[in-house]
Amino acid sequence: MSTEDLANSTGTALEWLTSQLSKLQNELEASETSLHTFKKDRNLVSVSFSDQNNMLRGQIQAFSEAV
């Protein structure tokens, strides 16, 4: 394999990787937009698991006290 062949195959690989990166970035952006829309439509707050756990404990305690 000559240096020119090696350079051509490297260039081809670089083009393919660049197109794959672009495609994956677009898919990620679309997925993030869909997730945001899903959360917004369902009034879901973006909080950590720990914060969600604490909120649920507070709700359970409030229901228990009400009962």
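The values are calculated or read from the model by the stated rules, or taken from the named source; none is laboratory data. Owing to the predicted nature of the structure, the values given are computational and were not obtained by experimental measurement. Quick reminder, even Gly has a Cβ in these numbers, built from the backbone with ideal geometry, and neighbours come from all protein chains shown. Note: accessible area is taken over every heavy atom of the protein model, side chains too, but ligands, DNA and RNA are not part of it. Shrake-Rupley method; radii C 1.70, N 1.55, O 1.52, S 1.80 Å.
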> For Thr10, what accessible area in Å² do you get when you roll a 1.4 Å probe over the heavy atoms of the protein chains, rounding to the nearest 10?
Replying inline: 80 Å²
>> Please report the carbon-and-sulfur percent of the accessible area for the chain; probe 1.4 Å, protein heavy atoms only, DNA, RNA and ligands left out.
In response: 59 percent
>> Can you give me the angle between helix 3-41 and the longest principal axis of the chain, using Cα atoms only, in degrees from 0 to 90, rounded to the nearest 10?
In response: 20 degrees
> For the chain, rounded, prolate or oblate, judged on the Cα gyration tensor with a ≥ b ≥ c (square roots of eigenvalues), a/c < 1.5 rounded, else prolate if a/b > b/c?
Replying inline: prolate
> So if we plug the beta-carbon distance of Ala66 and Arg42 into 1/(1 + (r/R0)^6) with R0 = 25 Å, what FRET efficiency do we get, rounded to 0.05?
Replying inline: 0.50
> How would Lys40, Lys23 line up by accessible area, probe 1.4 Å, largest first?
Replying inline: Lys40, Lys23
> Can you give the angle from 0 to 90° between the axis of helix 49-66 and the longest principal axis of the chain, with both taken from C-alpha atoms, to the nearest 10?
Replying inline: 20 degrees
>> Per residue, how large is the accessible surface of the stretch 22-62? Use a 1.4 angstrom probe and give square angstrom.
In response: 92 Å²
